[in-house]
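S.K.: First the structure, then my questions, so here it is.
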Amino acid sequence: VFPVQHHYAHILSCMAENEWTTKKKVIGVSFDGTGYGTDGTIWGGEILLADYDSFKRWGCIEPFAQTGGDASAKEGWRIAVSLLGKIYGKEIALSIIETLGLCESKLAKLQFTMEERGINTVKSTSAGRLFDAVSAILGIRRQSSFEGEASTALQFAAEEFEQKGKLNGNEIRDNVQPVILGLEGRCILNTEALVQLIVETKLQGADSGAVAYLFHQTLAEQIVVACIEARKSSGRNKTALSGGVFQNRLLLHLTEERLGQEGFEVLRHHMIPPNDGGIAIGQAAYGMNRLQIAEKEI
């Protein structure tokens, strides 16, 4: 049995599908809902330096508190409340929470208390939960009947706006610092600043579809900048995009297009599903590589 970390397996599945050989290396972007990380926290928005032998966690989205346990996977407002509390502080956050209609004040205060005391709360870098939080902030879906519903609704709202062709300078901005370098020895995607941009743009009265598109576009740009920084430090020019969040056609298109513009070669899924349905392929690819190494050592 060869244990393979969840997000590493995503990247390996993408490499295997594209017949990227065992001697070659990639910058892997693994974005999904939740997966147990090697540091005991919940991962889900990861930048990995990977090959068939091993991986290094080079970067991730900015960690946040995932409060409420399993309920948070279907109740994006919980993630939104935690993010707002971290960004603005409790008092200002409570006012914003009320304005956005995320939840009652007493429920928000309970969330803050749970987070402070570490009750049913974990540290998370889940990109899927970040999408759920933004969906709640924009009033698209406060909660879901199944995991991923709010994120999918956010994608659809952004795509509907994109089809209208009404993009302008007020709706498409690039004033968010894409990454923070050196935090905890990793490259951190500045998603906290991105959420603040989303909140403040929405409070100014912007259309939810326009802000949803802004979120996708800015997150894609942050991914690209992180890959550029990874290329500088590793010399790698091949990127692999995997994980359930890349079922989002808009994010996939925006990310792939910008990576291409920056001179990257991009591996993506075409037949194997990017979500957990493809993990077994990554596990098998790792296992085959280990067996080949063992045979050579005999």
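The values are calculated or read from the model by the stated rules, or taken from the named source; none is laboratory data. Given the structure is predicted, the values throughout are model-derived calculations rather than measurements. Note: ideal-geometry Cβ built from the backbone for every residue, glycine included; neighbour counts use all protein chains shown. Side chains included, ligands, DNA and RNA excluded: accessible areas come from the protein's heavy atoms. Shrake-Rupley method; radii C 1.70, N 1.55, O 1.52, S 1.80 Å.
Per-residue answers, yes or no, for (1) in contact (Cβ under 8 Å) with a residue 12 or more places away in the chain; (2) open to solvent by less than 20 Å² (accessible area, probe 1.4 Å); (3) assigned to a helix (DSSP H, G or I); (4) over 30 Å from TRP20 (Cα atoms):
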position: TRP43; (1), (2), (3), (4): yes, yes, no, no
position: GLU46; (1), (2), (3), (4): yes, yes, no, no
position: ASP53; (1), (2), (3), (4): yes, no, no, no
position: CYS60; (1), (2), (3), (4): yes, yes, no, no
position: GLN66; (1), (2), (3), (4): yes, yes, no, yes
position: ASP70; (1), (2), (3), (4): no, no, yes, yes
position: ILE79; (1), (2), (3), (4): yes, yes, yes, yes
position: SER82; (1), (2), (3), (4): yes, yes, yes, yes
position: LYS86; (1), (2), (3), (4): yes, no, yes, yes
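S.K.: Hey, another quick one. Filter the stretch 12-40 down to the residues that are polar (S, T, N, Q), modelled with pLDDT under 95 and in contact with a strand residue (DSSP E or B) (Cβ under 9 Å, 6 or more places away or on another chain) and list them by number.
M.R.: THR34, THR38
S.K.: In addition: Go through the stretch 41-67 and count every residue that is over 10 Å from the mean Cα position of the chain (by Cα) and either hydrophobic (A, V, I, L, M, F, W, C) or at pLDDT below 90 (or both).
M.R.: Residues in the stretch 41-67 being over 10 Å from the mean Cα position of the chain (by Cα) and either hydrophobic (A, V, I, L, M, F, W, C) or at pLDDT below 90 (or both): 8 in total.
S.K.: Kindly provide the set of residues from the stretch 39-69 that are of a type in the set (S, T, N, Q) and either touching a helix residue (DSSP H, G or I) at 6+ places or on another chain (Cβ under 9 Å) or closer than 23 Å to LEU291 by Cβ (or both), ordered by number. Quick ask: steps written out before the conclusion?
M.R.: We begin by selecting, within the stretch 39-69, every residue of a type in the set (S, T, N, Q); these are 41, 54, 66-67.
Of everything in the stretch 39-69, those that are of a type in the set (S, T, N, Q) and either touching a helix residue (DSSP H, G or I) at 6+ places or on another chain (Cβ under 9 Å) or closer than 23 Å to LEU291 by Cβ (or both) turn out to be SER54, GLN66, THR67.
For every residue, the table says whether it meets (1) without any contact (Cβ under 8 Å) to a residue 40 or more places away in the chain; (2) more than 25 Å from TYR88 (Cβ to Cβ).
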residue: VAL211; (1), (2): no, no
residue: ILE223; (1), (2): no, yes
residue: VAL245; (1), (2): no, yes
residue: GLY282; (1), (2): no, yes
residue: ALA294; (1), (2): yes, yes
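S.K.: Also: Applying the selection to the stretch 242-296, what residues are surrounded by 20 or more Cβ atoms within 10 Å (Cβ to Cβ), farther than 21 Å from LYS23 by Cβ and polar (S, T, N, Q)?
M.R.: Those that are surrounded by 20 or more Cβ atoms within 10 Å (Cβ to Cβ), farther than 21 Å from LYS23 by Cβ and polar (S, T, N, Q): ASN248, THR255.
S.K.: Here's a follow-up. Return yes or no: is THR239 without any contact (Cβ under 8 Å) to a residue 60 or more places away in the chain, open to solvent by less than 20 Å² (accessible area, probe 1.4 Å) and polar (S, T, N, Q)?
M.R.: No, not satisfied.
Yes/no per residue for (1) at pLDDT 90 or above; (2) under 22 Å from THR125 (Cβ atoms):
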site: ILE140; (1), (2): yes, no
site: GLU149; (1), (2): yes, yes
site: PHE161; (1), (2): yes, no
site: ARG173; (1), (2): no, no
site: ARG186; (1), (2): no, yes
site: ALA206; (1), (2): yes, no
site: ASN237; (1), (2): yes, no
